[in-house]
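Where a number appears in this text, it was derived from the coordinates with a stated rule and is not lab data. What you see is a predicted model, and the numbers here were worked out from it, not measured in a lab. Ideal geometry is used to build each Cβ from the backbone, glycine not excepted, and the neighbour counts take in all protein chains shown.
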Amino acid sequence: MSGLLWPEGGGALFTGVPEGVVAGFTTLSLVPDELEADAGARRLAELLGATVVEARDVAPGEVVVSGFGDAVVTTERGLVVAIATADCVPIVLVDAAAGALAVVHAGWRGTAARVVDAALDALEACGARPGRIHAFFGPSISREAYEVGPEVLAALDGTLPPEAAVPGRGDRSFLDVAACNEAALHRRGVSAERIARPYLCTFGEADRFSSYRRDGSAAGRIFTGARLLP
């Protein structure tokens, strides 16, 4: 059964991951808001047990971090791949049998652009199969804390599961972006038993997570990533 392990010193590791894979995310106790991004990414690498990384086209000791709305896909063993978020949805996708791994940054714009589908397409090009893929969701803003305008729902038209949006004030709605991406995984054949979503709210847990909606430009970043063990 999937869950979370909270090592002393901060951060969290997903349990129930396939053999040969390690995945997790940072917390404020491991990566405070004032810590520089490069240092935060390195602390994630240490959490995942990677003190020195050697892979093609990546300098030893470096960590690959994606930008907004992107995904990173790799088949390189020992390479840490990670994304940085501060309310958006981080997802780790892995097919251990194919030796293929992806990390996804899914804000509402990336979700509307079907970033999960793009990541799954890239994984399948590496030999992955939806029926073998495991998905692990990191912390993100919850539906109860994320009120959006009608333009956001319009952009997501066709991708919203029934429970993802509920009425807010006036023409606004409360939106569960993680639920949209979970539904996208189901549509592509990733079974519910292989999806781990711990429902950790970045906005509500101020002592544990950064949140842009709560803290604005002063917010730091949460690093979520994984690596295929050598």
Using bins 5 angstrom wide from zero, how does P(r) for region 130-205 break down, in % of all Cα pairs? 3, 16, 24, 22, 18, 12, 4, 1, 0
In nm, spacing of pseudo-spin labels at Arg77 and Glu34 (7 Å Cα→C-beta vector): 4.2 nm
Counting only DSSP beta bridges with both partners in region 3-228, the antiparallel fraction in percent, to the nearest 5, comes to 85 percent
Quick one: Leu229, Leu28, fewest Cβ neighbours within 10 Å first, how do they rank? Leu229, Leu28
Sort out the exposed loop trypsin sites (Lys or Arg not before Pro) in the chain (DSSP loop, at most 10 other Cβ within 10 Å) and tell me the longest stretch that has none. 57-168
Cβ-defined net charge surrounding Ala84, 14 Å radius [Lys, Arg +1; Asp, Glu -1]: -2
Could you work out how far the C-alpha centroid of region 175-230 sits from that of region 8-40, in angstrom? 13 Å
Interchain or sequence-distant (5+) residues whose placed amide H lies within less than 5 Å of the amide H of Leu228 are Gly78, Leu79
Could you work out the Kirkwood radius for the chain, taking every pair of different alpha carbons, averaging 1/r and inverting it, reported in Å? 17.5 Å
Assertion target for Cys180, Cys201, Cys126, ordered by fewest C-beta neighbours within 10 angstrom first, is Cys126, Cys201, Cys180
For a quick check: sort Tyr212, Tyr199, Tyr146 by the number of other beta carbons within 10 angstrom, fewest at the front. Tyr199, Tyr212, Tyr146
Between beta-carbons, use under 14 Å as the cut-off and find the net charge around Gly49, counting Lys and Arg +1, Asp and Glu -1. +3
